[in-house]
Amino acid sequence: MLTFAAAAAITTSLAVAMTAGPVAAQDFRDLARQDLQRAHDELAANHPAPAVPGAASQTFRSWLDAGLQDALGRASQANSGDAHAYLMRYYAAGFRDSNIAITPTFEGMGPYFGTSWPGFTTGWRGGKYVVTYVKPGTRGAPRVGDTVVDCNLTPIEEFARKKLDLWEGNLDTEAGRVTSAPYLLWNRNNPFAAGVPSICSFQSGRGRPREIQIRPMPVVAGDLEAAYRASVYMPPATPLGVETVNGRPWVHVHSFADSADWRSFNAAVEGQAATLRGPQGFVLDLRAASGTGQNSSTARGYGLANRIWTPEFTVSRQPAAGELTYRATQGNRDWYAAALGRMEADPQFVQEAGPVIEQTREIVTAFDAAIAASQPTFTLAGRPAVADTGAANPVQGPVVVLVDAGCSGGCLDTLDLLSKLPNVRIVGSTTATDSIFVEPTVMRLPSNYSDLSYGHKAWTSRPRPNNTPFTPAQGLVYTGNPADETAVRTWVGGLFGG
């Protein structure tokens, strides 16, 4: 599986360029209808789920047509680029598969965007929506720590589902709750969901809930960023680095993006490998380490592990790919054939990645055979398990891997390996989830305002079940304020026993 990964960054970007189509209309309502229908048709024709049995495919099947009709029924409200983006996100998110996404091709709303807010913000704490930030000087506001009971006379769970679920995050997951919670009471200019509520009830401790009239406030520069950062951990501007905290190395990996400075970071890790392997142990901080789900991000994580533990030690502990199921369609076959053509046309790639090219040729041949035989799918063996080489563990001390809701995509693949290494503990809070439908096809939708991406093969034998996060074991869960870095570091330091 990881051999083909090396080509993902090349093939994905070029695939987008080749599948772009002309804008057929300028009315965002019409554009939304076109894009929704095209996304539906592409997924119906080429996504693996319709041809793969099991629970992982049931949600896809149930939402594909029903979700399209649901979203089309809302298209008349798509009156702007941002509204169009919200509706595309809604349809894609309804599959409950993080590897299916429809993302804007323009720079849209960032995490700190809003048109108005009540002067305070909520976070997801212990299974409840809790006030996490109050702007100084806000009158009639609840107190930090108060629990939201209801808004607009609607129980808060029902209110949150209508306001946030599928629009801002997947509320069926812990990670989706955490990252979307600050938006519970904001107006994010989403025409499909309520803005700032007019009245909410809050409970302090075990006291009786009290109603508070909500007065929307205009947004002043910096307000919403301060509020969001007080509720959800956000990575530093430099996401990769190594520092020393209380005499122990702390390795920061807060991104798996290709744009991060991996060259300098990898050099720093190699330069400090001896220290990292020392008896004092080290911290690997993967909070907010978002990955695109492309295999290139997985390779980043495996490369880091190999620099610390050595390839000889990790090779037998890397998850076997097992069986990979491909849906035998002309569209999927053409994707691989186009990828193969680009690989063969790149002299440097030919020189450095011969096995990848050969594997891709085998896949194209398998597509041709299956399509000729009218077979709906075919299965190929992925990377097999490797026997223990007997190499000694070079890392002498304990390793704490710190995660949170922002750990997604390639971060989860990296945890599949790290969790199997000796003396490694996964700590912090529950991560995001991903599906067994992997390796992305990316295509431009008719409006040119959105890209559709989806996993085009099924890793049916993946040891970690579909949509299963990593959840730290009892005693390794951080229950404090995730935005209080001093508290987090003190807690992590205590895990080393002094």
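Observations on the structure shown:
- Summed over the stretch 258-280, residues that are outside any helix (DSSP H, G or I), over 15 Å from VAL399 (Cβ atoms) and open to solvent by less than 60 Å² (accessible area, probe 1.4 Å) total 1.
- Of all the residues in the stretch 317-367, those that are under 27 Å from the mean Cα position of the chain (by Cα) and within 30 Å of VAL242 (Cβ to Cβ) number 3.
- Conditions (1) surrounded by 23 or more Cβ atoms within 10 Å (Cβ to Cβ); (2) of a type in the set (Phe, Trp, Tyr); (3) in a helix (DSSP H, G or I): number failed by PHE95: (3)
- Pair list, Cβ < 6 Å and 6+ apart or interchain, from the stretch 203-220 residues that are of a type in the set (Asp, Glu) to residues that are loosely packed, with under 15 Cβ neighbours inside 10 Å and at pLDDT 95 or above: GLU211/ILE199
- For the stretch 288-375, the helices (runs of 4 or more DSSP H) that sit wholly inside it and include 2 or more residues that are under 27 Å from GLY271 (Cα atoms) and among the β-branched types (Val, Ile, Thr) are 295-309.
- ASP82 vs. criteria within 22 Å of ASN190 (Cβ to Cβ), in contact with a Leu (Cβ under 9 Å, 6 or more places away or on another chain) and of a type in the set (Asp, Glu): no
- In the stretch 130-176, the residues that are free of Cβ contacts under 8 Å to residues at least 12 places away in the same chain, open to solvent by less than 50 Å² (accessible area, probe 1.4 Å) and farther than 30 Å from ALA289 by Cα: THR154
- Tally, over the stretch 99-109, of residues that are out of contact with any helix residue (DSSP H, G or I) (no Cβ under 9 Å at 6 or more places or on another chain) and either of a type in the set (A, V, I, L, M, F, W, C) or open to solvent by less than 60 Å² (accessible area, probe 1.4 Å) (or both): 1
- Some residue of the stretch 415-433 being closer than 30 Å to GLY81 by Cα, open to solvent by less than 10 Å² (accessible area, probe 1.4 Å) and outside any strand (DSSP E or B): no
- THR132 vs. criteria part of a loop (DSSP other than H, G, I, E, B) and either of a type in the set (Ser, Thr, Tyr) or farther than 27 Å from GLY428 by Cβ (or both): no
- Of note, ARG29 satisfies the criterion of being farther than 27 Å from ASP334 by Cβ, open to solvent by 40 Å² or more (accessible area, probe 1.4 Å) and at pLDDT 95 or above.
- Among the candidates THR310, THR238, the residue that is on the phi > 0 side of the Ramachandran plot, among the hydroxyl-bearing types (Ser, Thr, Tyr) and open to solvent by 30 Å² or more (accessible area, probe 1.4 Å) is uniquely THR310.
- Flag for LEU185 being closer than 18 Å to ALA230 by Cα and among the aliphatic types (A, V, I, L, M): yes
- Residue check: ASN189 meets all listed conditions (1) closer than 30 Å to GLN77 by Cβ; (2) assigned to a strand (DSSP E or B) but one, namely (2).
Quick grid of which residues meet (1) closer than 13 Å to HIS47 by Cα; (2) modelled with pLDDT under 95:
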{"site": "VAL424", "(1), (2)": "no, no"}
{"site": "THR430", "(1), (2)": "no, no"}
{"site": "THR433", "(1), (2)": "no, no"}
{"site": "VAL438", "(1), (2)": "yes, yes"}
{"site": "ARG444", "(1), (2)": "no, no"}
{"site": "ASN448", "(1), (2)": "no, no"}
{"site": "SER461", "(1), (2)": "no, yes"}
{"site": "PRO465", "(1), (2)": "no, yes"}
{"site": "ALA473", "(1), (2)": "no, no"}
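The values are calculated or read from the model by the stated rules, or taken from the named source; none is laboratory data. Model, not experiment: these values are computed from the prediction. Positions of Cβ are backbone-derived with ideal geometry, glycine not excepted, and every protein chain shown enters the neighbour counts. SASA here: full protein model, heavy atoms, side chains in, ligands and nucleic acids out. Shrake-Rupley method; radii C 1.70, N 1.55, O 1.52, S 1.80 Å.
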